[in-house]
Amino acid sequence: MQLYNTLSAEERARLIDEAGQERLTLSFYAYAKIENPKKFRDDLFIAWNALDALGRIYVAHEGINAQMSVPAENFEAFRDTLEVYDFMKGIRLSVAVEQDNHSFLKLTIKVRNKIVADGLNDETFDVTNKGIHLKAQQFNDMLADPNTIVVDFRNHYESEVGHFEGAITPDVENFRESLPIVNEQLQDFKEDKNLLMYCTGGIRCEKASAYFKHQGFKNVYQLEGGIIEYTRQIKEKNIKSKFIGKNFVFDHRLGERITDDIIAQCHQCGKPCDNHTNCANDACHLLFIQCDECKAVMENTCSTECHEIIHLPQEEQVARRKGLQVGNKVFRKGKSEALKFKNSGDLSTQTLAKAKPETTDIRQKIKVKKVLIGKGEHYYSKSKIGQFLIENKELSVGDKVLISGPTTGEQEFTIKEIFANGASTEIAKVGDQVTFELPFRVRLSDKLYKIL
């Protein structure tokens, strides 16, 4: 029986586009005693694969932590698969503020020692003795109390683009680093201060609140459902947001806008910007903030060195990567001497610019109707000419197309001239290798769509 992915991310993206169905990005977690995580994992994979549910899920003896993309029409059926388990009956599913059908392109369920790497020995304290959960308005009220200390339990690159007013934002690479740092920093406030904590979806605070109560903190509170649930509540009940900026998320989107305040800077030029990206050099993949202007000049690279590397022949790039750890380390990076305007640690909520308003209601978004017709086969770094293999339908002079990729983004333009298999033509057919001039550089991972 199939218990693993059989489609590549590219193939899955194509099927999603062709289906044209609305998908929901959501997250949930639950701490519970799971006797056989491997069997639990396999049962979930079988049930969710049948519903075309995708995502990144961790299961362990202590519970489950999931970020997922589910077809909207299968949402209730997906919920039913959770209700089978007593510890997930009625579980809150936090639906993303902004939707992207490509937020996840594979169903990956991994068995881990813990569902969040916290570095704690759970045998030394009562993990069920958690802090008091606060809803959005209660959280805002406590923030206004001068006797409150609020702590952000996310990483430096998350808090840099958005955080709550007055929050302590530890300069850390991961969750387990923040616990001893915060504990030491707040030693003098255990008895008389309200310790208020928050994270993206609430799961980190579930363990952190119990840890800090064990450390002797008397008044421990946490934001119920994290920033994601807070945002849902303030929008639904018209509550003023005390969170400023963007909420970083660990999927293809890399962020959800909560307010139109931009409080971060492009790491290369200092211009107000809060759009994260990954360096286009496959031997780097550094996570950093880059504005559109620097993206065009630096071609989505983080440094002059990486910019030079991406223009080398592909064979030489592969040779240079040999022996290096790359790929899944994307979110574990975020600092480099090349990033001149990187900020972390003690952050302000000063608004540097306002983001252009966007429609975030998924039922009001008008998506470009398109069909995937080909994929990148080669690129010419200097002349801005792309080569694509036509795999579906035809491409004609005058067609409006969209080229999409993790580095290129989404670029639209009209075809003015086509060369198929080396000869000029008006129409390219399935199986043809086509080249045409572009006003930008493309990469091998890019996809070619015809706009309908």
| request: Give the residues of the stretch 236-266 that are out of contact with any Ser or Thr (no Cβ under 9 Å at 6 or more places or on another chain) and either within 17 Å of HIS156 (Cα to Cα) or without any contact (Cβ under 8 Å) to a residue 12 or more places away in the chain (or both), sorted by residue number. | output: GLU236, ASN238, GLY255, ALA264, GLN265, CYS266
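Determine which member of the set LYS246, LYS271, LYS295, LYS235 is open to solvent by 50 Å² or more (accessible area, probe 1.4 Å) and either modelled with pLDDT of 95 or more or of a type in the set (A, V, I, L, M) (or both).
Values: LYS246 fails: open to solvent by 50 Å² or more (accessible area, probe 1.4 Å); LYS295 fails: either modelled with pLDDT of 95 or more or of a type in the set (A, V, I, L, M) (or both); LYS235 fails: either modelled with pLDDT of 95 or more or of a type in the set (A, V, I, L, M) (or both).
Unique residue meeting the criteria: LYS271.
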| With (1) at pLDDT 90 or above; (2) open to solvent by 10 Å² or more (accessible area, probe 1.4 Å); (3) not in a helix (DSSP H, G or I) as the list, and GLU191 as the residue in question, which single condition is left unmet? | (1)
| Exactly one of (1) among the basic types (Lys, Arg); (2) within 24 Å of ASP122 (Cα to Cα); (3) surrounded by fewer than 17 Cβ atoms within 10 Å (Cβ to Cβ) is unmet by LYS240. Its number? | (2)
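So which residues in the stretch 258-268 are within 25 Å of LEU26 (Cβ to Cβ) and open to solvent by less than 40 Å² (accessible area, probe 1.4 Å)? Write out each step before concluding.
Initially, the stretch 258-268 is screened for residues within 25 Å of LEU26 (Cβ to Cβ), giving 258-260.
Within the stretch 258-268, ILE258, THR259 meet the criteria.
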| Within the stretch 426-449, restricting attention to residues that are surrounded by fewer than 17 Cβ atoms within 10 Å (Cβ to Cβ) and modelled with pLDDT of 80 or more, which residue is nearest to THR408 (Cα to Cα)? | GLU437
| Looking only at the stretch 276-307, which residues are more than 17 Å from LEU444 (Cα to Cα) and charged (D, E, K, R)? | ASP292, GLU293, LYS295, GLU305
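Please tell me if GLU316 is open to solvent by 70 Å² or more (accessible area, probe 1.4 Å), part of a helix (DSSP H, G or I) and at pLDDT 85 or above.
yes
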| With LEU196, LEU120, LEU134 as the choices, which residue is open to solvent by less than 10 Å² (accessible area, probe 1.4 Å) and either outside the structural domain of GLY334 (by the TED database) or under 24 Å from SER348 (Cβ atoms) (or both)? | LEU196
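Got a number for residues in the stretch 123-154 being outside any loop (DSSP other than H, G, I, E, B) and in contact (Cβ under 8 Å) with a residue 12 or more places away in the chain?
Restricting attention to the stretch 123-154, the residues satisfying the condition of being outside any loop (DSSP other than H, G, I, E, B) are 123-124, 132-134, 136-143, 148-152.
Then drop every residue that is not in contact (Cβ under 8 Å) with a residue 12 or more places away in the chain, which leaves 124, 132-134, 136-137, 139-140, 142-143, 148-152.
Of the residues in the stretch 123-154, 15 are outside any loop (DSSP other than H, G, I, E, B) and in contact (Cβ under 8 Å) with a residue 12 or more places away in the chain.
The values are calculated or read from the model by the stated rules, or taken from the named source; none is laboratory data. None of these values were measured; they are calculated from a predicted model. Using ideal geometry, Cβ is built from the backbone for each residue, glycine included, and neighbour counts are taken over all protein chains shown. When the accessible area is computed, the model is the full protein with side chains, heavy atoms only, and any ligands, DNA or RNA have been set aside. Shrake-Rupley method; radii C 1.70, N 1.55, O 1.52, S 1.80 Å.
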